[in-house]
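> Let me give you the structure first, and then I'll get to my questions.
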Amino acid sequence: MRYLTSVLFPLMLLCAPYSAMASETSTVDFANPISWCTGERTSHYTIDDAGTGAGMLGIASQWKCPNDTGHGSIGICQLDQTLKCRSDIRLSDKSGHPIDMSGYAVSMQGVTAKGAFFPWTDAKAAAAVVTSIQAAAVQQASKNSAVMKDMGGEENFKQLFMANMCRYALIKAGVIQPTAKEIAEDEQNKKSGAKISVDTSPERLASCKTTVQRFCGRTDLPASVMQMDNYRVLCGESRAN
């Protein structure tokens, strides 16, 4: 189950603040105009090969506006072995519309984002980070492939993933109670600075209840899935009614 967790965890961090690490590399700063600020805003892209944000392309910004001065950062996407945004992780905006991440790519020279190129501030130092991320992604892809095969295929993996995301939403809405382990994991995420945004609208919760019930009602799942800790928690006494 640890490999499945390694697939799910990066997704939970997509809205997390980016933590600077010794193995972080950044592109040169560039101007980043914003509608709510008549001052200036500069940004740079960054990747890290260690810590909770390992293998994730992020963007960090700082701004100076008449009424607000500050800085912030956010993860953009998890990189695959080709150093592009992972195509198996489909992101959506607040309206539920898919976000096109195909315009982002990382290379030894820098980051290409939406057709524009941003070079690394230190290409030599960046090369080590990029190589490390690529090697880790190749290894993880192999492990994930083995897990999905053991689970009876990618569709079973996707359904379990979606059901677990729904469980998290139902917990945050107070519809179901978390286990002691889930409470501890959530506290650890908070301590590490993770900020997870969850849609708890009535429509989303109703859809999630159906998603969990349908998945847990399946009688064709292989034993390898039904023996997973995630499945037992999801489809045990704590599942949504």
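Values in this text are rule-based calculations from the coordinates and carry no lab data. Everything quoted here is computed from the prediction, not taken from an experiment. Cβ: placed from backbone, ideal geometry, glycine included. Neighbour counts: every protein chain shown.
> Give me the distance in nm between label points sitting 7 Å out from Cα along the Cα-to-Cβ direction at SER23 and CYS37, one decimal.
The two pseudo-label positions are separated by 3.0 nm.
> Please report, in debye to the nearest 20, how large the charge dipole of segment 123-209 is about its Cα centre when each Lys and Arg carries +1 at its beta carbon and each Asp and Glu carries -1 there.
Using only the charged Cβ atoms, the result is roughly 220 debye.
> If you take every residue apart from SER23 with its C-beta less than 10 Å away from the C-beta of SER23, what net charge results, scoring Lys and Arg +1 and Asp and Glu -1?
For residues surrounding SER23, the net value is -3.
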